[in-house]
1. Can you check what the net charge comes to around Gly237, using other residues whose Cβ is under 13 Å from the Cβ of Gly237 (Lys, Arg +1; Asp, Glu -1)?
2. Before rounding to the nearest 500, sum -39500 (n - 2.57) across all DSSP H runs of length at least 4 in the chain and divide by the residue total; then give [θ] at 222 nm in deg cm²/dmol.
3. Restricting to bridges with both residues inside the chain, how much of the DSSP beta-bridge set is antiparallel, in percent to the nearest 5?
4. Have a look at His152, Ser85, Pro242 and report the one farthest towards the positive end of the charge dipole of the chain, computed about the Cα centre with Cβ charges (Lys/Arg +1, Asp/Glu -1).
5. Of (i) 0.96; (ii) 1.10; (iii) 1.01, which one was derived for Cα Rg over 2.2 N^0.38 Å from the structure shown?
6. Which value, in debye to the nearest 20, describes the size of the charge dipole of segment 1-112 about its Cα centre when Lys and Arg Cβ atoms bear +1, Asp and Glu Cβ atoms bear -1, and nothing else is charged?
7. If you split all Cα-Cα distances of segment 273-320 into 5 Å bins from zero, what percentages do you get per bin, shortest first?
8. Counting other Cβ atoms within 10 Å, which trypsin sites (Lys or Arg not before Pro) in segment 21-60 have at most 15 and lie in a DSSP loop?
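The values are calculated or read from the model by the stated rules, or taken from the named source; none is laboratory data. Predicted model, so just to flag it, every value in this text is computed and none were measured. Here the Cβ positions follow ideal geometry from the backbone for every residue, glycine too, while neighbour counts run over all protein chains shown. What goes into the accessible areas is simple: the full protein's heavy atoms, side chains included, and nothing from ligands, DNA or RNA. Shrake-Rupley method; radii C 1.70, N 1.55, O 1.52, S 1.80 Å.
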Amino acid sequence: MLDQLWFGHQGSFWTALLRPFSALFGLIARHRRHQYLRGRSPCYRAPVPVVVVGNIMVGGNGKTPFVIWLVEQLKAQGYRPGVVSRGYGGKSDQYPLLLTQTTSPRAAGDEPVLIARRTQVPVCVDPDRSEAVKRLLQEGVDIVVTDDGMQHYRLDRDLEIVIIDGQRRFGNGHYLPLGPLRESVDRLDSVDMLINNGGTTQGQEWPMHLVAGQATNLRTGQACPASMLPGVVAVAGIGHPPRFFATLQQMGVTPLYSQGINDHQTLSAEELDRLAKKGQHLLMTEKDAVKYQGIAQDNWWYLPVEASLPEAAAQALLAKIERLTKNANK
């Protein structure tokens, strides 16, 4: 229902019912930000540059692939980056939680585990991202990237990058719960860089596309073109599952059955087995795969994706970061 309300068409009954709550949400969101901007609420300032990668809309917009891309760009330039995250979907006995090779998605959340495995840089999870940054500083990082955290104003930031869903944009343009917005579209005027994921760019936006790799077996690591797998059953637990299913179609893969689930939702081994039996091979996103490697069957596969941006975008972003680091060292 919410998806139809936010991105489609829904009757006036729900619009009338939710409009007062949406107005209240917007009022609180604006007031909260102004409190931090005016110095009336405490804010932690790290001794190293902090780059926030976030959005103004709920749901997955492609932040995690971009964070991985950005970290790799920074490493190539000689930086020692670290990543902080809220760790949605995970629950640890103690925070801050510095990830290791054995940290489970149940403790840290699926996205931090994926970032840590792909980038091999320090990743720390804490509901209070300021505490996560302080822990990362003990690891010798010289720049911090936050996966999400646009609205976490307790952590001061030097650079804000917003990822825009190029297909859905900002839905109906209303605040929660009437619309998908956590902040007004006007907030984009104050950020440092706009990245359009998979759509036609507008204004100062830079284009980004997700490039799929080969299907990879969860148990063996064997890789092959996804189009070579017969009888595919697709499952996606990301912010916008249709994006994954559309990617498969573009690759020439027409699943026998597709199942979208809630972002960060974890299915049981029995549920996954039932899905797999609808065909010959179960194909999921890489973010889903980090949760299921310990229980995977021989016919379970995942599809990795890489963020691709123009070289000019990379150079523009790295130039901004270089200026930040020079100013920090003065």
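1. Residues near Gly237 contribute -3 overall.
2. -10500 deg cm²/dmol
3. 20 percent
4. His152
5. Computed from the coordinates, Cα Rg over 2.2 N^0.38 Å corresponds to (iii).
6. 580 debye
7. 5, 17, 21, 14, 7, 9, 9, 7, 8, 3, 0
8. Arg38, Arg40, Arg45
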